[in-house]
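A.B. asks: The structure that follows is given in the form of structure tokens.
The values are calculated or read from the model by the stated rules, or taken from the named source; none is laboratory data. Everything quoted here is computed from the prediction, not taken from an experiment. Neighbour counts are summed over all protein chains in view; Cβ atoms, including those assigned to glycine, are modelled from backbone coordinates with ideal geometry. Heads up: the accessible areas ignore ligands, DNA and RNA and are worked out on the full protein's heavy atoms, side chains in. Shrake-Rupley method; radii C 1.70, N 1.55, O 1.52, S 1.80 Å.
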Amino acid sequence: MTHPNPPRSPYGQQPRHGHGAQPGYGYPAPQQPHPGPYAGGPAPYQTPPPPKKRMSTWAVAGIAFGGVFAFLILVGAIAGSGDDTTQADGKAAPKSSAPAEPAQEKKDDTPAESEPAPQSPVKIAAKKTAFAPSILHDGGAYTSVQVTITNNSDKKISVNPLYFSLTDTGGSKHTAELGVDENQMDTTDLAPGENMTGVITGKGGFTPKYVTYTDGLLGDTVRGDVS
């Protein structure tokens, strides 16, 4: 039985097999195995990747604050640029300003002195006098005041016992009683510059404080203190 002959190399030599044999011409070079862990051994040590650095809370707050500050600067710049308006010829437009309000005067807390009341042209002088009973006296208690009235006005005035009243020290008012004192004030008119003296009598015993005269009952009143 015949055996086939092995193929010959182009150069007439048999190919060599085994470790370190070089491939012949026209054959690819054998692949070298990658170095790796030996069978059953531990894996080679690999350096772990560095941990990622996290931004701190203060850094985040600083960035946020910086953003707000930059926004405020931008708004202020826009507002400032709006005020600097210019006219068509390039000149700055005059700014209109409202008139300044006048400063309020400081109030003086010092109470103002009261102005003296205008002097009446009619003068009343009064003093207490003894009661002189007339024939019309009914026997009761009465208080009499002697009154002098002077007309310093430029017109005549009317005088009547009913135009007078007495006020005592307690504040009670007493109207004039007619005909009980024999020295009662007469009823007449006083021309400018004239005066008259008479007695005004009130019912009851009291201490008179002042006398009030009313010109014509509904006119101006004049008061005189009883001395």
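A.B. asks: Within region 200-212, track down each residue that is open to solvent by less than 40 Å² (accessible area, probe 1.4 Å) and outside any loop (DSSP other than H, G, I, E, B).
C.D. replies: Ile200, Thr201, Gly202, Pro208, Val211, Thr212
A.B. asks: Restricting to strands (runs of 3 or more DSSP E) lying wholly in region 122-189: which have 3 or more residues that are more than 18 Å from Gly204 (Cα to Cα)?
C.D. replies: 122-129, 142-151, 157-159
A.B. asks: In addition: For Lys173, indicate whether it is modelled with pLDDT of 95 or more and loosely packed, with under 15 Cβ neighbours inside 10 Å.
C.D. replies: yes
A.B. asks: If you check Thr197, Thr167, which single one turns out to be at pLDDT 95 or above, under 25 Å from Gln119 (Cα atoms), β-branched (Val, Ile, Thr) and open to solvent by less than 20 Å² (accessible area, probe 1.4 Å)?
C.D. replies: Thr167
A.B. asks: Hey, could you check region 213-225 for residues that are touching a strand residue (DSSP E or B) at 6+ places or on another chain (Cβ under 7 Å) and open to solvent by 30 Å² or more (accessible area, probe 1.4 Å) and say which is nearest to Val145 (Cα to Cα)?
C.D. replies: Asp225
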